[in-house]
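K.L.:
Below is a structure I'd like to ask you about.
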Amino acid sequence: MLDSSIERAARATPPVVAKRIQGLSDRAIAWLFVAPSIFLLLAVNIFPLIWTIRLSFTNFRVNRPNAEVGFVGLKNYINILTDADIWQTMQATAHFLIWTIVLQVLIGFTLAYLINKKFRGNDMWTTIIVLPMMLSPAVVGNFWTFLYQPQIGLFNYAVGFLTGTDPSAFSMIGDVSLAPWAIVIVDTWMWTPFVMLICLAGLRSIPGSIYEAAECDRASKWRQFWTITIPMVLPFLMLAILFRGIENFKMFDLVVQLTGGGPGSTTELTSINLKREAFEKWRTGYASAYAVILFVTVFGLASIYVKALNKVKQR
């Protein structure tokens, strides 16, 4: 049946087109089939980027489509880089980014190291640990908002039980000093399993013969850990840091569900601030410049980091 379909398609092909196809190389035919997908990807990704860069040099406001659009040059970029509120959101983002990565790497690697040791119920515990990663950020945000409630939240009761503090004496998402840590805790709870899986893949990729050779040389377990395990898992750890760093830099939905950027602007990350500039204040040109700065920052840091990761992999 397949042969007959091919024959019908061949007969339906115009002779001129058939001759041109017969004269193409395998490489050209491959590009012929891939070209529509590449064109679609470029249209979806590259065109919005170019359009955003263009708007970043204007005073365009999307809620005033009939207003005259003026070219303002680098004014939007200068205003952003000299705005104290923008730097405050950058600081909040850096706090969130650094602490979530540190905690997720430490806890994730520890869990991976423990699970890599074969024991009864290994698969069951792995499945339980991975469960938070399978949930939607909106569900996680609502779930932890309930847990953080001072009067009925289980988190406050757990802290009160361990420290003797009155559970209703503090509010994790309502206190200026505690709110940043509230979103760090939730993101760590949700995405530590992701880091654990990457580290677990790295641990299980280490050949057992290397440890056997180390034991023959009478290397202690501590020595094996620092000279074999850590160096061979390091590329996987760096890859996990890259993924989580990029994702947490543009974190939006989870923080919106938990704190909405509050109290005040304590947990207002750059993504939330960008959304407010674009869709609440309707400063489209300004927001476009803001988006370009964030894109260049992430792209530049990621490029440098990838070069370091390649050097580690080549060692």
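K.L.:
May I ask you to evaluate 6.51 cos²θ - 1.76 cosθ + 1.60, the Karplus curve with θ = phi - 60°, for each residue of the stretch 308-313 and list the ³J(HN,Hα) values in order in whole Hz, giving x for glycine and proline?
P.N.:
5, 5, 5, 5, 5, 5
K.L.:
Give the separation of the Cα centroids, the stretch 251-315 to the stretch 107-144, in Å.
P.N.:
27
K.L.:
Next up: Sum -39500 (n - 2.57) across every DSSP H segment of at least 4 residues in the chain, then divide by the residue count to get the 222 nm mean residue ellipticity, nearest 500.
P.N.:
Calculated from helices alone, the mean residue ellipticity at 222 nm is -23500 deg cm²/dmol.
K.L.:
What distance in nm separates the two pseudo spin-label positions at ASP217 and GLU247, each 7 Å out from Cα along the beta-carbon direction?
P.N.:
Placing both labels 7 Å along Cα→Cβ, they lie 3.7 nm apart.
K.L.:
Out of PHE161, PHE279, PHE295, any idea which swings most in a Gaussian network model of the chain, alpha carbons joined below 10 Å?
P.N.:
Of PHE161, PHE279, PHE295, the Gaussian network model singles out PHE161 as fluctuating most.
K.L.:
Under a crude label model (7 Å from the Cα following the beta-carbon direction), how far is ILE152 from THR165 in nanometres?
P.N.:
2.2
K.L.:
5 Å is the cut-off here: which amide hydrogens, built 1.01 Å from N in the peptide plane, fall below it relative to THR58, excluding neighbours closer than 5 in sequence?
P.N.:
Amide H to amide H, under 5 Å and 5 or more residues apart or across chains, THR58 pairs with VAL72.
K.L.:
Based on the alpha-carbon gyration tensor of the stretch 158-302 and its eigenvalue square roots a ≥ b ≥ c, which shape applies: rounded if a/c is under 1.5, prolate if not and a/b is larger than b/c, or oblate?
P.N.:
The shape class here is oblate.
K.L.:
Given a 1.4 angstrom probe, what's the average accessible area per residue across the chain, in square angstrom?
P.N.:
62
K.L.:
Something else about it: Please report the carbon-and-sulfur percent of the accessible area for the stretch 28-124; probe 1.4 Å, protein heavy atoms only, DNA, RNA and ligands left out.
P.N.:
On the way: 4910 of 6900 Å².
Ligands and nucleic acids excluded, carbon and sulfur reach 71 percent.
K.L.:
Sorting PHE236, PHE225 by accessible area (1.4 Å probe), largest first, what list results?
P.N.:
The residues order as PHE236, PHE225, largest area first.
K.L.:
In the Gaussian network model of the chain, springs joining C-alpha atoms below 10 Å, which of LEU234, LEU40, LEU197 carries the largest mean-square fluctuation?
P.N.:
Between LEU234, LEU40, LEU197, it is LEU40 that shows the largest mean-square fluctuation.
K.L.:
On to the next question. Most fluctuating residue of GLY121, GLY285, GLY73 in a GNM of the chain with Cα springs under 10 Å: which is it?
P.N.:
Maximum fluctuation in the GNM of the chain, among the listed residues, is at GLY121.
K.L.:
I would also like to ask the following. Using the Karplus curve 6.51 cos²θ - 1.76 cosθ + 1.60 with θ = phi - 60°, what ³J(HN,Hα) values do you get for each residue of the stretch 188-203, in whole Hz, with x for Gly and Pro?
P.N.:
Here the 3J(HN,Hα) series is 5, 4, 7, 10, 4, x, 4, 5, 4, 5, 5, 5, 5, 4, x, 5 Hz.
K.L.:
Using only the Cα atoms of the chain, build the gyration tensor, take square roots of its eigenvalues as a ≥ b ≥ c, and label the shape rounded, prolate or oblate: rounded if a/c is under 1.5, else prolate if a/b is larger than b/c, else oblate.
P.N.:
Because a/c hits 1.5 or more and a/b fails to exceed b/c, the chain counts as oblate.
K.L.:
Give me the percent of the accessible area of the stretch 156-313 that comes from carbon and sulfur atoms, probe 1.4 Å, all protein chains in place.
P.N.:
67
K.L.:
Report the full-extension gain for the segment VAL44 to THR127: residue separation times 0.36 nm, less the Cα-Cα distance, to one decimal in nm.
P.N.:
Working: separation 83, 0.36 × 83 = 29.88 nm, distance 3.63 nm.
Fully extending the segment from VAL44 to THR127 adds 26.3 nm.
K.L.:
Given the whole protein assembly as supplied and a 1.4 Å probe, what does the accessible area of GLU212 come to in Å², nearest 10?
P.N.:
For GLU212, the solvent-accessible surface is approximately 120 Å².
The values are calculated or read from the model by the stated rules, or taken from the named source; none is laboratory data. This is a predicted model, so every value here is computed, not measured. As a convention, Cβ positions derive from the backbone with ideal geometry for all residues, glycine included, and neighbour counts pool all protein chains shown. Protein only, heavy atoms only, side chains kept; ligands, DNA and RNA dropped before computing areas. Shrake-Rupley method; radii C 1.70, N 1.55, O 1.52, S 1.80 Å.
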